[in-house]
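> Below are the structure tokens for one structure; questions will follow.
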Amino acid sequence: MNQSHNIARYLPHMARERPDQPAIIVGAGCDRAGKVIYQQLTFAELDRESDAYAWGLTTYGIERGTRVLLMVRPGLPLISLTFALFKAGCVPIVIDPAMGRQNLAQCIAECEPEALIGVERAQIARLVLRRAFRSVRLSVTVGRRWFWDGATLAQLRIPLQTPFELAQTTTDETAAILFTTGSTGVPKGVVYAHGMFEAQVQIIRTLYGIEPGEVEMPAFPLFSLFNVALGLTSAIPDLDPTRPAQCDPRKIIELIEDQQVTSSFGSPAIWRRVADYCLRQQIRLPTLRRVLMAGAPVPAALHNDMHQILRGDADTHTPYGATEALPIVSFSGREVLAAQAEHNDPISGTCIGRPAPGMTLRIIPIHDQPIATWHDTLALPPGSIGEITVKGPVVTREYIHRPESTRLAKIADGDAIWHRMGDVGYFDHQGRLWFYGRKSQRVILADRTLYTEPCELVFNRHPLVRRSALVGIDAADGAQRPVMVIELHDRQLLAQPAEQARIRAELLALGAAHPVTAGIDTLLFYESFPVDIRHNAKIFREKLAVWAASELAKPGI
């Protein structure tokens with residue numbers, strides 16, 4: 001049998017080693033002066049709290065191997081419950097409730113949860129979406145139980161003094177089911193094993209030099225789990241995890257200053273808002289040592305702006321990966337800026353770093369069919385553009401009840417698995433990985449293929465452009481028609497026909513002057529791009545393509 005690697009074992013360890021260090025800090029309202037009042041649990045208290053829940057849940061019938069749909073807001077109950085489930089050897093299912101009703105119903109039905117631990121709105125969803133929740137036999141309400149069945153979390157909390165005995169899980173035993181963002185389709189449930197969580201902890205510690213005792217602000221709730229394993233205090237920010245781009249930067253800054261935050265992981269959409277506010281108000285964040293930004297390519301301008309508000313020895317970082325394999329590549333902001341300065345041309349794409357420790361990456365030819373078995377002849381030489389593939393200890397092996405998706409994304413290599421990232425890029429001769437965009441979002445013309453990242457970097461150079469999106473519209477000859485969709489910093493300019501015409505002419509001239517975009521002669525403006533709910537950074541180009549096709553079908557366009 002494999003050695004036990006239950007991720008929850010770190011919590012009782014930290015409770016012994018650092019009993020009085022705060023494990024979790026959350027805001028709990030404000031005083032009369034408007035200052036935030038904070039609530040906290042030490043590692044010892046969090047360990048006891050999760051033990052109390054583990055005793056109660058197992059007594060209720062939620063035992064080892066039970067798939068538990070966890071629909072709880074970020075904060076203390078969520079973290080305590082997650083560790084309770086891991087301690088018991090249960091399988092938490094973590095899902096984004098804002099993915100839309102149809103997607104939510106499909107994803108819940110696919111992962112067949114046997115239990116639901118959820119807030120009142122989740123319980124109402126269980127009653128409305130009965131078919132999706134038909135496998136649920138045990139229900140726990142976080143909050144007040146109204147007219148539905150089951151127990152409440154308060155009823156199940158058993159404050160016994162006896163520590164809960166940790167389930168001795170194996171490295172390849174299922175630990176959790178986490179869902180992808182669904183940026184290119186219906187989100188997929190990714191099966192995580194305990195050994196993968198362990199490998200992630202070790203890679204994160206090695207990559208970023210994180211030291212026990214630091215304070216981390218996890219803008220993505222699940223990172224609190226890694227923080228416990230790393231001996232970090234988690235200062236939970238006051239933001240809607242489904243709308244990070246709408247966060248209040250003042251609240252983020254207040255938390256960083258009040259709790260002396262040293263590290264943070266979050267979407268670039270969050271840090272764009274924070275950086276803009278700090279630069280306007282001439283605020284610096286001297287306690288921060290590192291800021292990790294992931295979820296979408298990070299513009300060079302954001303790295304530059306962040307360096308203006310951080311202390312001199314601090315840096316930004318761009319961990320790259322996916323729900324199926326994370327992290328697999330990383331680079332510091334200074335390294336990114338140096339690489340971009342060496343190759344100051346959009347045709348280079350965006351530099352995202354070098355492989356993380358223990359990870360093997362290869363570039364393979366681009367096509368859309370399954371590859372059953374790996375062979376070394378698939379690998380392309382440096383400088384060749386192709387699909388990014390990865391093998392290593394953080395690579396997941398399958399999607400839950402999506403055999404066709406698993407076949408398309410996984411390549412067998414003996415006992416190991418290569419994951420096809422679905423992203424396009426290349427390695428330069430220095431071993432650095434450059435990102436070119438999503439494979440499914442490439443635009444195939446009669447004589448060449450266009451990739452989103454280099455094309456969009458051309459148009460993003462215009463000072464009025466917030467971001468751009470390359471999409472392809474099916475043409476009669478079987479090829480695609482390239483269309484560039486533009487989002488401006490100032491939406492009010494769209495209401496001024498003369499200004500809009502001037503900007504259009506400038507953008508078309510900008511595109512025509514660069515070889516990579518010279519054939520793009522159709523340009524549309526869109527007020528605010530649709531983006532993923534998790535990071536608010538991945539552009540839903542498929543939705544923009546549908547919209548663009550309908551616009552171009554209108555008379556006179």
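The values are calculated or read from the model by the stated rules, or taken from the named source; none is laboratory data. Every value quoted in this text rests on a predicted model; they were computed, and no experiment measured them. Here the Cβ is made from the backbone with ideal geometry for all residues, glycine too, and neighbour counts use every protein chain on show.
> Can you work out which of the residues in segment 323-343 that are in contact (Cβ under 8 Å) with a residue 24 or more places away in the chain and of a type in the set (A, V, I, L, M, F, W, C) is surrounded by the fewest Cβ atoms within 10 Å (Cβ to Cβ)?
L337
> Considering only residues that are crowded, with 22+ Cβ neighbours inside 10 Å and modelled with pLDDT of 95 or more, look in segment 238-255 and name the one that is nearest to T180 (Cα to Cα).
Checked segment 238-255; the qualifying residue nearest to T180 (Cα to Cα) is I252.
> Out of the residues in segment 73-113 that are among the charged types (D, E, K, R) and under 30 Å from F43 (Cβ atoms), state the one that is modelled with the lowest pLDDT.
Our first condition is that a residue be among the charged types (D, E, K, R); within segment 73-113, this holds for 73, 87, 96, 101, 110, 112.
Those still in the list that are under 30 Å from F43 (Cβ atoms) too: 73, 87, 96.
Values: R73: 88, K87: 97, D96: 81.
Here the answer is D96.
> Could I ask something else about it? Is it the case that some residue within segment 491-511 is of a type in the set (S, T, N, Q) and within 22 Å of D345 (Cβ to Cβ)? Spell out the reasoning first.
Just the residues of segment 491-511 that are of a type in the set (S, T, N, Q), to begin with: 492, 496, 500.
Subset that is within 22 Å of D345 (Cβ to Cβ): none.
No, because not a single residue in segment 491-511 is of a type in the set (S, T, N, Q) and within 22 Å of D345 (Cβ to Cβ).
> Counting only residues that are among the polar types (S, T, N, Q) and within 25 Å of A322 (Cα to Cα), which one in segment 256-285 is surrounded by the fewest Cβ atoms within 10 Å (Cβ to Cβ)?
Restricting attention to segment 256-285, the residues satisfying the condition of being among the polar types (S, T, N, Q) are 259-260, 262-264, 267, 281-282.
Subsequent filtering for residues that are within 25 Å of A322 (Cα to Cα) retains 262-264, 267.
Values: T262: 21, S263: 24, S264: 26, S267: 26.
Among residues in segment 256-285 that are among the polar types (S, T, N, Q) and within 25 Å of A322 (Cα to Cα), the one surrounded by the fewest Cβ atoms within 10 Å (Cβ to Cβ) is T262.
> Looking at segment 166-179, I want the residues that are on the phi < 0 side of the Ramachandran plot and have a partner that is part of a strand (DSSP E or B) and among the hydroxyl-bearing types (S, T, Y) with Cβ atoms under 8 Å, at least 6 apart or on another chain. Which pairs are those?
Listed by first residue and then by second, the contacts come to T174/Y192; A175/Y192; A176/Y192; I177/Y192; L178/Y192.
The rows are residues; the columns are (1) closer than 30 Å to V394 by Cβ; (2) surrounded by 13 or more Cβ atoms within 10 Å (Cβ to Cβ); (3) small (G, A, S).
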{"position": "Y10", "(1), (2), (3)": "yes, yes, no"}
{"position": "M14", "(1), (2), (3)": "yes, yes, no"}
{"position": "E17", "(1), (2), (3)": "yes, no, no"}
{"position": "I24", "(1), (2), (3)": "yes, yes, no"}
{"position": "V36", "(1), (2), (3)": "no, yes, no"}
{"position": "Q40", "(1), (2), (3)": "no, yes, no"}
{"position": "L46", "(1), (2), (3)": "yes, yes, no"}
{"position": "A54", "(1), (2), (3)": "yes, yes, yes"}
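> Follow-up question, since we're still on this one. Across segment 492-542, what is the total count of residues that are part of a helix (DSSP H, G or I), basic (K, R) and surrounded by 19 or more Cβ atoms within 10 Å (Cβ to Cβ)?
The first filter runs over segment 492-542 and keeps only residues part of a helix (DSSP H, G or I), leaving 492-495, 497-512, 515-517, 541-542.
Filter again for basic (K, R), leaving 502, 504, 541.
Filter once more, so that each one left must be surrounded by 19 or more Cβ atoms within 10 Å (Cβ to Cβ): 541.
Residues in segment 492-542 being part of a helix (DSSP H, G or I), basic (K, R) and surrounded by 19 or more Cβ atoms within 10 Å (Cβ to Cβ): 1 in total.
> Report, by residue number, each residue of segment 419-457 that is of a type outside the set (K, R) and more than 20 Å from K538 (Cβ to Cβ). Spell out how you get there, then give the answer.
Just the residues of segment 419-457 that are of a type outside the set (K, R), to begin with: 419, 421-431, 433-437, 440-441, 443-447, 449-457.
Selection gives Y426, F427, D428, H429, Q430, G431, I444, L445, A446, D447, T449.
> Starting from residues that are within 14 Å of F435 (Cα to Cα) and either over 19 Å from the mean Cα position of the chain (by Cα) or touching a residue at least 60 places away in the same chain (Cβ under 8 Å) (or both), keep the ones in segment 367-401 and report whichever is surrounded by the most Cβ atoms within 10 Å (Cβ to Cβ).
E387
> Going by the conditions given, is S405 buried (at least 20 other Cβ atoms within 10 Å of the Cβ) and more than 14 Å from V390 (Cα to Cα)? Spell out the reasoning first.
Values: buried (at least 20 other Cβ atoms within 10 Å of the Cβ): no; more than 14 Å from V390 (Cα to Cα): yes.
Taking the combined requirement at face value, the residue does not satisfy it.
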